[in-house]
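Single-structure report; data block below.
Only the coordinates and a few stated rules stand behind these numbers; no lab work does. Predicted model, so just to flag it, every value in this text is computed and none were measured.
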Amino acid sequence: MSRSSHAPHADGTVRASRPVRGVMMAAAIMMAVAAIVGGVNWNALSANNAAVGSLNASIDAYAKDSPDLDALKTAQRQTDAQFRDAQALGVLQLPSVRSTIAANAAESARLSRQIDADLAKRTSSGDTSASDANAAEGGSQGGGSSNSSEAEKINRMLEQNKKVEMKNVPDTSKTTTEGDENTSPKPW
């Protein structure tokens, strides 16, 4: 008498056939890989959101009449590092996530280069004593004719940053408040 693959065990449970178990194992592995890829993308988008917030703050500070370039340089280095962290597992990121982060990282790098160029202009202009006095007061020397071109560059950067499609970016900033009619539970 041969034993059937669907014969009950001693405890009364029935074991699935070998092909069915193989398919179920493959499906479980695929679901685990999909969960890992989803987690990596979620983490990358969260890091991107934080870096974009820092980038927008740096752009706003740079657009002022007399920005503190030394503080901006430090902030931009940190922002660039955040974008590098967001791009760390690019192999597992979806193409739209990868391109969104890359576009934002490029804008951040462009602002960093502009800040570095402005710092180089400031130090090479021979106004170091006047710059140091202004830095102590919270400001720095700015070039007269370059302000309009810098403002144009900043406006272009802001516009390009607004154009980045953020439909796949998770919004973790929403909070619910009591009495808010939009947060009532839905019956479905």
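So how much slack lies between A71 and V91, counting 0.36 nm per residue of separation and subtracting their Cα-Cα distance, in nm?
Working: separation 20, 0.36 × 20 = 7.20 nm, distance 3.36 nm.
Result: 3.8 nm gained on full extension.
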Problem set entry | Anisotropy class of the range 1-103 from Cα gyration tensor, a/c 1.5 cut | prolate
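Using 0.36 nm per residue, how much length does the chain from I154 to M25 gain when fully extended, once their Cα-Cα distance is taken away? Can you show the working numbers first?
Values: separation 129, 0.36 × 129 = 46.44 nm, distance 5.32 nm.
Roughly 41.1 nm would be gained on extension.
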Exercise. Once the piece of chain linking A81 and A106 is laid out straight, how much longer is it, given 0.36 nm per residue of separation minus the C-alpha distance between them?
Worked result: 7.8 nm
For this session: State whether the range 58-100 is rounded, prolate or oblate according to the following rule on the C-alpha gyration tensor (a ≥ b ≥ c being the square roots of its eigenvalues): a/c under 1.5 gives rounded; otherwise a/b larger than b/c gives prolate, and the remaining case gives oblate.
Result: oblate
